[in-house]
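The values are calculated or read from the model by the stated rules, or taken from the named source; none is laboratory data. Owing to the predicted nature of the structure, the values given are computational and were not obtained by experimental measurement. Ideal geometry is used to build each Cβ from the backbone, glycine not excepted, and the neighbour counts take in all protein chains shown. When the accessible area is computed, the model is the full protein with side chains, heavy atoms only, and any ligands, DNA or RNA have been set aside. Shrake-Rupley method; radii C 1.70, N 1.55, O 1.52, S 1.80 Å.
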Amino acid sequence: MIPELDRLPPGEALFDMDGTLITNDIAEACLRGIDRIGHRNELTQGEGSVFDAYKAIPSYQGQCRYAALALGGLRVGQVEALVDHAFANGECEPVAAVCELAHHVALRHRVWLLTGSPEILGVIVGRRLGIPRVYGIKLRAEGDRLLPQTFGTITCDEGKIEAAWAMTGRIPVFAIGDSVHDLPLLRHARVARTCGRNAGVEFPAFP
């Protein structure tokens, strides 16, 4: 499907999630879900709308971190229900062409889902897509209850390069994403593609 990638020795292939493997943004869908069920924690207590508070944050990195922290206090099963609701209501759905690419690439390379969303969301979505290797913003937990505490890298912008080294210890053979926040990682990979609103702007478009 991508001849120059097929010619490379086996390596790591990194797929962005939101806007790439799936339509829209699962973290944003879950923030709307949090508002729907009325969940609040020590960070979000007093917010009339968690989603509106997230949108008002001026930096993308700050938004990514807040989206993770807002899940604090929920149990994993509750988060799974938020994801299920988002897919059932059409807020997010798999992008068939990119998912097909991921499974084709997995015949030769190790495929990872690398996301700026909370890792727990990537794990849940990854199960739907058949992608078990996932790296995203990590939350501390007590048993199956998430805490409003992140640790490690905020996996957006340059943080995706840091995460890639932590995940694999080498330059990825391939990366694909849809936004300006993926560009540092795409520039870091040996072969890269863009889709969505950035399709073909700096890297060849896919599909």
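Odds and ends about this structure:
- One residue stands out among those in the range 4-17 that are among the charged types (D, E, K, R) and open to solvent by less than 20 Å² (accessible area, probe 1.4 Å): the one that is nearest to the chain's Cα centre (by Cα), which is Asp16.
- Residues being touching a helix residue (DSSP H, G or I) at 6+ places or on another chain (Cβ under 6 Å), surrounded by fewer than 17 Cβ atoms within 10 Å (Cβ to Cβ) and outside any loop (DSSP other than H, G, I, E, B) - total across the range 33-48: 0
- Residues satisfying the stated conditions in the range 70-108, i.e. open to solvent by less than 10 Å² (accessible area, probe 1.4 Å) and outside any helix (DSSP H, G or I): Ala70, Leu71, Gly72, Leu74, Cys92
- Candidates Ile161, Ile171, filtered to the one that is within 21 Å of Ala189 (Cα to Cα), open to solvent by 10 Å² or more (accessible area, probe 1.4 Å) and in a loop (DSSP other than H, G, I, E, B): Ile171
- Output for the range 51-67, where each listed residue is open to solvent by less than 80 Å² (accessible area, probe 1.4 Å) and either part of a helix (DSSP H, G or I) or in contact with a Gly (Cβ under 8 Å, 6 or more places away or on another chain) (or both): Phe51, Ala53, Tyr54, Tyr60, Gly62, Gln63, Cys64, Tyr66, Ala67
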